[in-house]
Amino acid sequence: MKKIGWFCTYTPLEILHAAGALPVGIKSDSGAEHEDVVLGDSICSYVRSSMGGALTGAYDALSGVVIAHSCECMRRLADGWLYRQEEIKPAMLHLLDVPKVVTNASVTFFAGGLRRMKEDVEAHAGPVTEEALRASMALFNKTRDLFRTVDAMRKEEATAVTGREVEALITASWDMPREELNDRLEAFIAEKKGQTGDKDAPRIMVIGGPGNGSLIKTIEATGGVSVVEHMCTGLRAFTGEAVPHEDPYRELASIYLSGTPCPRMLGAKSREAIDEIQSLIKEYRVDGVLYYSMKFCANMQMQWALLKNDIPVDVPMKVLEGDISSEINEREVQSFIKRLKKRRKRNR
């Protein structure tokens, strides 16, 4: 089976699956950021890691990659990848333009881009028939429905679902065949039904981009529970509503553009993004928000400024700054969780 890599949750994986390829998410720990000798230090650590991985052969098993132009750092990754293409084994590089606004015109534009993506994928993996694409869309929509069920469990007052468990499921989804993932999700849901967790643990919402592999582990090791992750490696990966349309590419474009907006969708959607965060705080009974701002990510730093000044919801918020592989300041997290525990006791 051919394998095609992807970097951003705005990439419609259904097209890769319909071509008979296995979509492989480029994880934050799969590359080598210290080996990036092309892009420079003013690029975020995830992109530097990805470029370093390409140069050191970490992605040699892939037939190609789809890079979504979701931010300027990702566009620079495509530039660097093309510049050093002779040294990089995956043959296909497709740059997918992603609109920053959601209108009828932008959905039409994105649908056209998906058709061009499909042509590149066909040349390196196999034909994409409409029948196969519809079947893949149904399979991936089932995944979204299953994750919604998991999220509903996390909204319960004494949820038995931990952030670490959901993080493991999402990490598995990056390179697990979708059929196996759906089976694993169904088994997880069946196992957790009827169970309860610690109702006194402070409930944390994590906001960020690719995140840091130690963050949720640190939160839950210090007595909190992560109940919602507004991250590329969290909630944002599995939202988006399927509205049937006779053109499958337009339907796909609508699904991906209608999902929970990431920081790069600031501008016309900035107010909507903040309103959605306010709504999620209420839905998940959040006691505090941890915002993990990745260094050299202007989009995340701008969103933090908006959140700090515009959220009228009465919950404490804390920002941490770092890289995808840097150590988390455990003392800061412990202090934040301790403050939330005292606040919960006072509010009872």
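The values are calculated or read from the model by the stated rules, or taken from the named source; none is laboratory data. Small disclaimer: the values here were computed from a predicted structure and weren't measured. Heads up, the Cβs are rebuilt from the backbone with ideal geometry, glycines too, and the neighbour counts pull from every protein chain shown. Keep in mind that these areas ignore ligands, DNA and RNA; they rest on the heavy atoms of the full protein, side chains included. Shrake-Rupley method; radii C 1.70, N 1.55, O 1.52, S 1.80 Å.
Can you find a residue that is open to solvent by less than 20 Å² (accessible area, probe 1.4 Å) and more than 20 Å from the chain's Cα centre (by Cα) anywhere in region 218-240?
yes
Pick from region 14-26 the residues that are buried (at least 24 other Cβ atoms within 10 Å of the Cβ) and within 15 Å of the chain's Cα centre (by Cα): which of them is farthest from A125 (Cα to Cα)?
I26
Which one of G267, G224, G211, G234 is more than 26 Å from A105 (Cβ to Cβ), of a type outside the set (A, V, I, L, M, F, W, C) and modelled with pLDDT under 80? Steps first, answer last, please.
Numbers: G267 fails: more than 26 Å from A105 (Cβ to Cβ); G224 fails: modelled with pLDDT under 80; G234 fails: modelled with pLDDT under 80.
Just one listed residue meets the conditions, G211.
For region 158-202, name all the residues that are hydroxyl-bearing (S, T, Y), closer than 18 Å to S226 by Cα and surrounded by 15 or more Cβ atoms within 10 Å (Cβ to Cβ).
First, the residues of region 158-202 that are hydroxyl-bearing (S, T, Y): 159, 162, 171, 173, 196.
Now drop any that are not closer than 18 Å to S226 by Cα, which leaves 159, 162, 171, 196.
Across region 158-202, the qualifying residues are T159, T162, T171.
Are there any pairs with C-beta distances below 6 angstrom linking a residue in region 75-97 that is within 19 Å of T11 (Cα to Cα) and of a type in the set (A, V, I, L, M, F, W, C) to a residue that is open to solvent by 70 Å² or more (accessible area, probe 1.4 Å) and at pLDDT 95 or above, with the two at least 6 apart or on different chains, and if so which?
Pairs found: A78/L95.
Given the condition free of Cβ contacts under 8 Å to residues at least 40 places away in the same chain, closer than 30 Å to K193 by Cα and not small (G, A, S), answer yes or no: does some residue in region 112-133 qualify?
No; the residues of region 112-133 include none that is free of Cβ contacts under 8 Å to residues at least 40 places away in the same chain, closer than 30 Å to K193 by Cα and not small (G, A, S).
Looking at the structure I just gave you, is E246 within 30 Å of K118 (Cβ to Cβ), among the charged types (D, E, K, R) and open to solvent by 10 Å² or more (accessible area, probe 1.4 Å)? Show your work before the answer.
Values: within 30 Å of K118 (Cβ to Cβ): yes; among the charged types (D, E, K, R): yes; open to solvent by 10 Å² or more (accessible area, probe 1.4 Å): yes.
Answer is yes for this residue.
Which number in (1) in contact with a helix residue (DSSP H, G or I) (Cβ under 8 Å, 6 or more places away or on another chain); (2) part of a loop (DSSP other than H, G, I, E, B) marks the one condition that G194 misses?
(1)
I'd like the residue in region 318-348 that is of a type in the set (A, V, I, L, M, F, W, C) and open to solvent by less than 50 Å² (accessible area, probe 1.4 Å) and, out of all such residues, is farthest from S30 (Cα to Cα).
Here the answer is L340.
Residues checked against (1) within 20 Å of G234 (Cα to Cα); (2) under 19 Å from the mean Cα position of the chain (by Cα); (3) among the aromatic types (F, W, Y):
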site	(1), (2), (3)
R75	no, yes, no
G80	no, no, no
K89	no, no, no
H94	no, no, no
V101	no, yes, no
T159	yes, no, no
R164	yes, yes, no
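Determine, yes or no, whether V228 is touching a Leu at 6+ places or on another chain (Cβ under 7 Å), among the β-branched types (V, I, T), more than 30 Å from G40 (Cβ to Cβ) and not in a loop (DSSP other than H, G, I, E, B). Quick ask: steps written out before the conclusion?
Working: touching a Leu at 6+ places or on another chain (Cβ under 7 Å): yes; among the β-branched types (V, I, T): yes; more than 30 Å from G40 (Cβ to Cβ): yes; not in a loop (DSSP other than H, G, I, E, B): yes.
So V228 fits the description; yes.
Identify all residues within region 249-258 that are open to solvent by less than 10 Å² (accessible area, probe 1.4 Å) and either in contact with a Lys or Arg (Cβ under 9 Å, 6 or more places away or on another chain) or among the small types (G, A, S) (or both); write none if there are none. If you could, list the steps in order and put the result at the bottom.
First, pick out the residues of region 249-258 that are open to solvent by less than 10 Å² (accessible area, probe 1.4 Å): 252-253, 255, 257.
Those that are open to solvent by less than 10 Å² (accessible area, probe 1.4 Å) and either in contact with a Lys or Arg (Cβ under 9 Å, 6 or more places away or on another chain) or among the small types (G, A, S) (or both): A253, I255.
Which of the numbered conditions does S106 fail, given that it passes all the others? Conditions: (1) buried (at least 18 other Cβ atoms within 10 Å of the Cβ); (2) of a type outside the set (D, E); (3) in contact (Cβ under 8 Å) with a residue 40 or more places away in the chain.
Only one criterion is unmet by S106, namely (1).
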